1. Stokes-Einstein diffusion coefficient for the chain at 20 °C in a medium of 1.002 mPa s, Rh from the Kirkwood formula over Cα pairs: what value in µm²/s?
2. Give me the net charge of residue 107's neighbourhood, meaning all other residues with Cβ under 10 Å from the Cβ of residue 107; Lys, Arg count +1, Asp, Glu -1.
3. For residue 111 and residue 82 in one chain, what is 0.36 nm times their gap in residues minus the Cα-Cα distance, to one decimal in nm?
4. Using Cα atoms only, what is the angle between the long axis of helix 17-28 and the major principal axis of the chain, expressed in degrees (0 to 90) to the nearest 10?
5. Normalising by the residue count of the chain, find the relative contact order in percent from Cα pairs under 8 Å and 6+ residues apart.
6. Going by alpha carbons, how many degrees (0 to 90, nearest 10) lie between the helix axis of 89-101 and the longest principal axis of the chain?
7. List, largest first, the extents of the alpha carbons of region 80-135 along their principal axes, each in whole Å.
8. Taking a virtual spin label 7 Å from the Cα of residue 7 along the C-beta vector, which residues in region 91-135 bring their backbone nitrogen under 15 Å of it?
Amino acid sequence: MPITAGFNHIATLTTDLDRTVAWYADAFGADKQFEMAAEGDHPRMAIVGLGGGAALNIFEVPPEALIGERRQIGGRGAIDHFGIAVDSLATLEEVRDRLVVLGTDIGEIQNLGGDTWSLFFRDVDGMELEVCAPT
């Protein structure tokens with residue numbers, strides 16, 4: 001049995017911190033819990049709460065710091081994508097509707113393996129992500 005309690009945070013990069021923080025607030029009701037100005041070699045960053053103790057640590061970097069091909073598996077780096085958990089299919093459908101209003105590139109809700117509903121989408125920076133709900 002694992003001794004871990006799940007993920008605390010996932011760190012991600014953006015070229016526009018304000019836009020990305022606002023997008024996660026609009027899409028998921030996420031709240032900005034902390035912001036730090038750039039200092040020395042540490043970029044400007046914000047911690048955005050996703051609920052359940054999970055957060056995104058979002059770092060603002062120049063465009064040349066974003067490497068890889070965000071639309072190709074294997075080209076996105078060591079972590080291909082991450083999944084954000086919601087409590088039900090109804091909440092997943094609400095998230096889908098929010099993503100549509102935001103003009104987000106989304107797929108279709110699908111059942112994965114019988115126990116998970118899944119919706120793939122791209123965030124405001126083009127990174128592929130997934131929202132998952134139990135069946």
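Only the coordinates and a few stated rules stand behind these numbers; no lab work does. Everything quoted here is computed from the prediction, not taken from an experiment. Every residue, glycine among them, receives a Cβ derived from its backbone with ideal geometry; neighbour counts consider all protein chains shown.
1. 136
2. -2
3. 8.7 nm
4. Tilt relative to the chain: about 10 degrees.
5. 21
6. With both axes taken from Cα atoms, the answer is about 50 degrees.
7. 30, 25, 16
8. Label zone hits: 119-123, 127-133.
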